[in-house]
Amino acid sequence: MNLEELSSKIKELRKEKNLTQEQLEEYSNITKKTISKMENGFCDEVGIKKVETILDLLGYEFSIRLKNRPRTLEELQDEQQ
């Protein structure tokens with residue numbers, strides 16, 4: 001997953017949870033401006049700890065895998081949800 005995909009995914013997950021950027025700001029103590037940056041492709045300007053906090057609030061976490069290896073069945077199923 002590249003930064004652009006991560007940005008889109010964060011926005012998608014927030015909307016799936018029916019949360020506004022303002023609500024995430026309240027729950028995370030991360031400004032709406034920073035959340036907007038994350039969702040609009042400026043993750044490289046945002047600290048990884050803040051991205052981790054937002055993902056945690058949305059019920060997700062980072063995962064590391066070998067580059068260019070085939071996805072596992074679990075990963076493919078997660079993508080379909």
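Here, each number is a calculation from the coordinates, and none is a lab measurement. Please read these numbers as outputs of a predicted model, since none were measured by experiment. Quick reminder, even Gly has a Cβ in these numbers, built from the backbone with ideal geometry, and neighbours come from all protein chains shown.
Key figures
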item: Cα gyration tensor category, rounded, prolate or oblate, for region 1-45 with a/c compared to 1.5; result: oblate
item: The chain, relative contact order in percent, only Cα pairs under 8 angstrom and at least six apart counted; result: 29
item: Neighbour-count order for Ile48, Ile64, fewest beta carbons within 10 angstrom listed first; result: Ile64, Ile48
item: Members of Lys15/Lys49; Lys17/Lys49; Lys11/Lys37; Lys11/Lys50; Lys17/Lys67; Lys11/Lys32 lying beyond 19 Å, as alpha-carbon distances in this model show; result: Lys15/Lys49; Lys17/Lys49; Lys17/Lys67
item: Glu5-Ser28 pseudo-label distance in nm [points 7 Å out on the Cα-to-Cβ vector]; result: 2.0
item: Which labelled figure in (i) 23, 14, 11; (ii) 52, 9, 8; (iii) 43, 17, 11 is semi-axes √(5λ) of the Cα gyration tensor in Å, once derived from the coordinates; result: (i)
item: Residue-averaged 222 nm ellipticity for the chain, from DSSP H runs of 4+ at -39500 (n - 2.57), nearest 500; result: -17000 deg cm²/dmol
item: Size of charge dipole - the chain - debye, nearest 20, with Cβ of Lys, Arg +1 and Asp, Glu -1, no other charges; result: 160
